[in-house]
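To start, the structure itself, in structure tokens.
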């Protein structure tokens, strides 16, 4: 499949979020996608641009196909991530975990979230 230009790809991802994700996950996903596309707006290295667009296009295809549910993160891809990307992934994981706790644990206290010894 040919690589989509940034704006059509961005719209496709947001449209797919709207169709496939529950409201809370959609909100989190939309914020993340918007931040990533904004952060990469001024990239001029063709290799980085192609890599960025390729991975986001794979993400859109995966989401559209429903094969992503319950899938584990590929260790080879994890090994290739930069420290900044790992940090972003960790923040995303924490946001998802917090959301799950807020929805499912009646004893969860958001005030104590991420504080030492809690």
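Between residue 82 and residue 21, take the C-beta separation as r, use R0 = 30 Å, and let me know the FRET efficiency to the nearest 0.05. Can you show the working numbers first?
Working: r = 26 Å, r/R0 = 0.88.
So the FRET efficiency works out to roughly 0.70.
If I stretch the segment between residue 105 and residue 73 completely, what's the gain in nm (0.36 nm per residue apart, minus their alpha carbon distance), one decimal? If you can, show how the numbers build up before the last one.
Details: separation 32, 0.36 × 32 = 11.52 nm, distance 2.55 nm.
Full extension from residue 105 to residue 73 adds 9.0 nm.
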Exercise. Each label point is 7 Å from the Cα along the Cα-to-Cβ direction; what then is the distance between the points at residue 30 and residue 50, in nm?
Worked result: 3.4 nm
Problem set entry | Over segment 1-71: Rg over Rh, Cα atoms, Kirkwood Rh | 0.97
Problem set entry | Debye log10 I(q)/I(0) for segment 72-118, one point scatterer per Cα, at q = 0.27 Å⁻¹ | -0.98
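Only the coordinates and a few stated rules stand behind these numbers; no lab work does. The structure displayed is predicted, hence computed values, not measured ones. Positions of Cβ are backbone-derived with ideal geometry, glycine not excepted, and every protein chain shown enters the neighbour counts.
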